[in-house]
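Notes follow once the structure below has been shown.
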C-alpha cells in the first residue's frame, strides 16, 4: 500500500471553532469545580457535556476525512495518521502536569506526599502510552485512568473509537450504522434516566440522571465511559455520511451560543426532580448535538474576523483541552492552602490562570506540536 501522506481535506471552519468554544467551557467548568460546594450547585453545571460534543465531532471528522480513502490507505497508515494527530500533545500535556505534581500535595490530592519519585517516574512513563492506569497504582488519590493528567481519559476512549472505526465501522452501510446509532441511543437513555440495567448505577447519588463519569477503571465507570462515547461518535459518523446540512446566517455565532447555554445551564430539577436533568441531557446528546453538526457543516463564515477567530479556536482547542489541567492543579492547591481568600482575589487568579492556559496551548501548538507532527510525517510517510 502506498505510504504517501495523503493531504488533509478542506476543513469545516465553523466546526473547528465550535471545538474551541467547547474546550473553553471545559476549562471554565474545571476552574469553577475547584470552588463548587457540590455537583448540583456547580457553576457551568453542564460543562462535562462538552466531552460528549467532542466525541460527536470526532465521529464526524473521522468519517468525513477517511471513509472514501481506504483504497489509498492501509490500516497502518490510518493509525500512524491518528497517532501523529493525537499523541504528541497527549505526551506534552502529561509532562506539563507532571511538573506540578509534587507541588500540589495537599488535602485535595491525598496520595501525592506518599508517592516515591521512582514510582512517580514509572507511572509517568506509563501515562505517556495512554494505557489506562489501574486504581491500585493511583498515585494521586482520585482513581483516574491517568493520575497525572485527568482529561486524557477521553483520549483513551477516542483511540478505542478510532480502532473500532478502522476495523468495523468504516465497513458498515448507512442502514447498519443507523441501527447501531439507535442501540447506542437506547443505552444513552438508560444512563441519563438512571435506568440500572446491569447494576452499574446503583451507587450514584448526586451524579444520578447525568452522564458524569467514565474516567476510572472500574466496571461502572467503564460502562459509563463507553456509553458516553458510543452514541455521539456514531451519530457524528451518520451526519457526515448522510451529508445533508443546514445553512443559516451567522451559523457559528448561533451554534456557539447554543453550546455556551447548554453547558452553563444550572442543574435542572435540583435534587427533588432529578429526572428532569436526565431528560435535558437526553435531548442535548440525541438531538441538539447532531443539529449543531448539521448547521456547523452547512453554514459559512463571510466575515474575515470571525473566520480568523474560528481558525484560532480550532487550532488551540486540542492543546488547550489536553494541557489546561496543569492550571487547575494550581487552583486546587491555592484553594487548599488559602481557604479564606476573598472572592475578588480568586476571580483575579482564575482570570490569570485562564489567560496562561490559552497562551500555553497556543505556544505548545506552534513550538512543539506542529514541528513534531511535521517531523513524524516526514519520517513515516513519503
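The values are calculated or read from the model by the stated rules, or taken from the named source; none is laboratory data. Just so you know, these numbers come straight off a predicted model, no measurement behind them. In this analysis, Cβ positions are derived from the backbone assuming ideal geometry, glycine residues included, and neighbour counts consider all displayed protein chains.
Exactly one condition in (1) at pLDDT 95 or above; (2) outside any helix (DSSP H, G or I); (3) touching a helix residue (DSSP H, G or I) at 6+ places or on another chain (Cβ under 7 Å) is false for residue 131; which is it?
If we test residue 131 against (1) at pLDDT 95 or above; (2) outside any helix (DSSP H, G or I); (3) touching a helix residue (DSSP H, G or I) at 6+ places or on another chain (Cβ under 7 Å), just (3) comes out false.
In the range 202-209, is there at least one residue being free of Cβ contacts under 8 Å to residues at least 40 places away in the same chain and crowded, with 19+ Cβ neighbours inside 10 Å?
no
Identify all residues within the range 330-351 that are surrounded by 12 or more Cβ atoms within 10 Å (Cβ to Cβ) and within 23 Å of the chain's Cα centre (by Cα); write none if there are none.
Within the range 330-351, 330, 331, 332, 350 qualify.
Out of the residues in the range 32-75 that are surrounded by fewer than 17 Cβ atoms within 10 Å (Cβ to Cβ) and in contact with a helix residue (DSSP H, G or I) (Cβ under 7 Å, 6 or more places away or on another chain), state the one that is nearest to residue 167 (Cα to Cα).
So the residue we want is 75.
Condition check ((1) more than 22 Å from the chain's Cα centre (by Cα); (2) at pLDDT 95 or above) across all residues:
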{"site": "182", "(1), (2)": "yes, yes"}
{"site": "188", "(1), (2)": "no, yes"}
{"site": "193", "(1), (2)": "yes, yes"}
{"site": "199", "(1), (2)": "yes, no"}
{"site": "213", "(1), (2)": "no, yes"}
{"site": "223", "(1), (2)": "no, yes"}
{"site": "226", "(1), (2)": "no, yes"}
{"site": "236", "(1), (2)": "no, yes"}
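Restricting attention to the range 210-233, report how many residues are outside any loop (DSSP other than H, G, I, E, B) and either more than 26 Å from residue 139 (Cα to Cα) or touching a helix residue (DSSP H, G or I) at 6+ places or on another chain (Cβ under 6 Å) (or both).
Selection size over the range 210-233: 8.
Of everything in the range 294-306, what is assigned to a helix (DSSP H, G or I) and modelled with pLDDT under 95? Give them in sequence order.
Correct list: 304, 305, 306.
Do any residues in the range 173-195 that are without any contact (Cβ under 8 Å) to a residue 60 or more places away in the chain have Cβ atoms under 7 Å from those of residues that are in a loop (DSSP other than H, G, I, E, B) and crowded, with 17+ Cβ neighbours inside 10 Å, where the two are at least six apart or on different chains, and which pairs are they?
191/211
Go through (1) closer than 14 Å to residue 89 by Cβ; (2) not in a helix (DSSP H, G or I) and name the single condition residue 340 misses.
That leaves (1) as the condition not met.
Taking the range 99-113 as the region of interest, how many residues are modelled with pLDDT of 90 or more, crowded, with 17+ Cβ neighbours inside 10 Å and closer than 11 Å to residue 141 by Cα?
1
Tally time: how many residues in the range 161-176 are under 23 Å from residue 86 (Cβ atoms) and in a helix (DSSP H, G or I)?
10
With the structure loaded, tell me whether residue 267 is closer than 27 Å to residue 145 by Cβ and outside any helix (DSSP H, G or I) or whether it fails that test.
yes
Table: residues versus (1) buried (at least 19 other Cβ atoms within 10 Å of the Cβ); (2) more than 16 Å from residue 24 (Cβ to Cβ).
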site	(1), (2)
266	no, yes
274	yes, yes
285	yes, yes
291	no, yes
301	yes, yes
305	no, yes
318	yes, no
321	yes, no
328	yes, no
